[in-house]
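A short write-up of the structure that comes next.
Each value in this text was obtained by applying a stated rule to the coordinates, not by laboratory testing. As the structure is a prediction and not an experimental result, all values here were calculated from the model. Glycine also receives a Cβ, built like all others from the backbone with ideal geometry; neighbour counts cover every protein chain displayed.
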Amino acid sequence: MAENLLYPVFLKLEGRKVLVIGGGFVAFQKLTSLIQTKAKLTVIAPNIINEIRELDGEFPNKRYIDFIERDYNWGDEKDAFMVIAATNIPELNLSILNRCKDQLILASSVDHTEESDFFVPSIACQSDIKIAISTNGKAPGLAQGLRKLIQNNFLTHYAKRVPLVYSFRERIKEKYSDNKKRNKLIRQFTQRQLRRIESELNLAK
């Protein structure tokens, strides 16, 4: 069986420059998750679909995506923390990817997963919980199906318990200075919440 050597991380992109090159539906799919990170987003493409423009939002929820309506030029990636090449020209995407690698910029090409530094996973998200799912770039449709399964059947039960556990942890930290006692009480409380979730899921069946 093939081995998945990917190392999963959650990047803090707030305030960092993220460049998306491409203005079609593939770029739109990448931007729908990026828009939630508060990154400084720039989209470069000669034609940008309305769906992408609408992601920019309206007052008072303006997100301020920087739209540059022209073809990509060498050097556009300068100072970017991360680049996603999502044009409809595979050769151009690969060239952008290689240029970013030369500058030690994290980059991903939608056409060249093997050469990319990262994949954009399927994401199940609710409240404080975010789950990223990858099939090593081999079966994105399966990852999407698993995301829907988790989102529709499990996530609500776990997400609503997060504030309870967090509040309990904060109270215990204030009340007890002994780390061993703290950890024991928090672990016991968390286990009770997990048992309640299991009970809810059994009832749902």
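Pairs Lys62/Lys101; Lys101/Lys138; Lys78/Lys138: which exceed 28 Å Cα-Cα?
Lys62/Lys101; Lys78/Lys138
What lysines sit close enough to Lys181 to cross-link, taking a C-alpha to C-alpha distance under 25 Å and skipping anything fewer than 8 places away on the same chain?
Partners found: Lys173.
Answer rounded, prolate or oblate for region 36-75, using the Cα gyration tensor with square roots of eigenvalues a ≥ b ≥ c: rounded when a/c is under 1.5, else prolate when a/b is larger than b/c, else oblate.
Oblate shape, in that a/c is at least 1.5 and b/c is the bigger or equal ratio.
If you fit an axis through the alpha-carbon atoms of helix 25-34 and take the longest principal axis of the Cα set of the chain, what angle between them do you get, 0 to 90°, nearest 10?
40
Quick one: which residues, 5+ away or cross-chain, put their amide H under 5 Å from the amide H of Ser122? H built at 1.01 Å from N.
Residues meeting the amide H criterion: Ile133.
What are the ³J(HN,Hα) values, in whole Hz, obtained from phi via the Karplus relation 6.51 cos²θ - 1.76 cosθ + 1.60 with θ = phi - 60°, for each residue of region 163-169 in sequence order, with x given for Gly and Pro?
Calculated HN-Hα couplings, in order: x, 5, 5, 4, 4, 4, 4 Hz.
Give the calculated FRET efficiency between Glu91 and Leu164 to the nearest 0.05, with a Förster radius of 35 Å applied to their Cβ-Cβ distance.
It comes out at approximately 0.10.
With no solvent and one point on each alpha carbon, what is the Debye value of log10 I(q)/I(0) for region 7-126 at q = 0.16 Å⁻¹?
Evaluating at q = 0.16 Å⁻¹ gives log10 I(q)/I(0) of -0.71.
On a 0 to 90° scale, report how tilted helix 90-102 is relative to the longest principal axis of the chain, with both axes built from alpha carbons and the result rounded to the nearest 10.
The helix 90-102 is inclined about 70 degrees to the chain.
Among DSSP bridges having both ends in the chain, what percentage is antiparallel? Round to the nearest 5.
Percentage antiparallel, nearest 5: 25.
Taking the structure as given and computing Kirkwood radius over Cα pairs in Å, which label from (i) 21.2; (ii) 18.1; (iii) 19.7 fits?
(iii)
Near Gly15, within a Cβ-to-Cβ distance under 12 Å, what is the net charge of the other residues, with Lys and Arg +1 and Asp and Glu -1?
Residues near Gly15 contribute +4 overall.
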